[in-house]
Structure formats: C-alpha cells, structure tokens
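For reference, the structure is listed below as structure tokens.
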Amino acid sequence: MGSRLYGMATTEPRAQALSIGEVARRTGLSVHALRFYEREGLLVGPVQRTTGGRRRYTEVDVDWLLICVKLRESGMPLAELKRFAELVRHGPGNEAERLQLLDAHQQRVEAQIRALEECRSVIAWKTSVYAEHLARGEAGGLWDPTA
C-alpha cells in the first residue's frame with residue numbers, strides 16, 4: 001500500500017475485479033459505508049460496474065479505502081477527506097496542497113496523542129495509589145465524599 005498510490009501515479013491495469021462484499025471484508029467497512037463513500041465522492045476513481053450494475057472494485061480502490069479508513073479513524077473530518085480525495089483525483093500539480101492538508105491533520109493527531117498520554121499518566125498514578133492502599137489494607141477513606 002502507499003508506494004503505488006499516494007501520489008496516485010499508477011499505470012496498473014484495473015486487473016482483478018472485487019465484489020463489494022470482498023472489499024467490505026478487506027477494508028472493515030460495511031457495504032453501506034462503501035456505498036456512502038462512493039456517493040460522497042471519497043473514492044479517487046469511478047467504481048466500475050458489471051453489465052448487471054454490480055460494483056466491481058480493484059486493488060487500487062482497496063488501497064485507497066484503507067487510507068481513508070485510517071484518516072477517518074484518526075479523526076479527519078469528512079469534509080477534509082473529501083477535499084483530499086478531490087485533490088488526488090485531479091492528479092499531479094496539487095501535491096503541496098495535499099501535503100498541507102495531511103500535515104495539519106498530523107499535527108491534530110499528535111496533539112490528541114499528547115493529551116491522551118497525559119490522561120494515561122494521571123490514570124496510572126491514581127491506579128498505583130489505589131493498588132498501594134489496597135495492598136496495605138488501608139483503602140478506606142480514599143476519596144470518600146461521605147467522610
């Protein structure tokens with residue numbers, strides 16, 4: 001993943017066609033979510049269809065969707081993900097804007113990680129206080145608002 005796609009400089013043919021169910025299994029997205037991603041313009045290429053109208057995806061689609069999943073899981077707003085997909089769809093020439101978008105998101109994620117690390121530190125300290133008091137048999141009265 002990544003090396004062949006994000007710059008999107010790939011000449012790989014749309015080889016093996018994958019069903020929506022297979023793509024759902026491989027990406028962890030539901031079939032409903034995959035249809036939503038398509039409707040919202042989050043895919044970088046058109047989803048091919050069989051003569052019967054069934055969606056057919058490619059490995060490139062799966063790679064892109066896996067990136068989208070991580071960006072959404074990390075808190076990227078839908079509007080920013082749409083903008084990123086739009087930039088990628090337009091091809092070369094907007095890499096600086098893509099980088100700016102990803103850099104801003106990375107900074108937000110790093111701030112979230114720092115905040116969570118602070119929370120973890122407080123929780124670890126409080127856990128150790130309770131563990132020490134319980135081990136000594138002196139847990140009564142720890143933060144007892146009725147005392």
Yes or no: region 43-63 includes at least one residue that is in a helix (DSSP H, G or I), under 27 Å from residue 31 (Cα atoms) and among the hydrophobic types (A, V, I, L, M, F, W, C). yes
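Test residue 89 against the stated conditions and say whether it is basic (Lys, Arg), surrounded by 13 or more Cβ atoms within 10 Å (Cβ to Cβ), in a helix (DSSP H, G or I) and touching a residue at least 24 places away in the same chain (Cβ under 8 Å).
Against the criterion (basic (Lys, Arg), surrounded by 13 or more Cβ atoms within 10 Å (Cβ to Cβ), in a helix (DSSP H, G or I) and touching a residue at least 24 places away in the same chain (Cβ under 8 Å)), residue 89 qualifies.
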Conditions (1) over 22 Å from residue 33 (Cβ atoms); (2) at pLDDT 95 or above; number of the one not met by residue 85: (1)
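To keep it simple, each residue is scored yes or no on (1) at pLDDT 95 or above; (2) surrounded by 13 or more Cβ atoms within 10 Å (Cβ to Cβ); (3) under 22 Å from the mean Cα position of the chain (by Cα); (4) polar (S, T, N, Q).
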residue	(1), (2), (3), (4)
79	yes, no, yes, no
95	yes, no, yes, no
98	yes, yes, yes, no
108	yes, yes, yes, no
112	yes, no, yes, yes
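The values are calculated or read from the model by the stated rules, or taken from the named source; none is laboratory data. Given the structure is predicted, the values throughout are model-derived calculations rather than measurements. Using ideal geometry, Cβ is built from the backbone for each residue, glycine included, and neighbour counts are taken over all protein chains shown.
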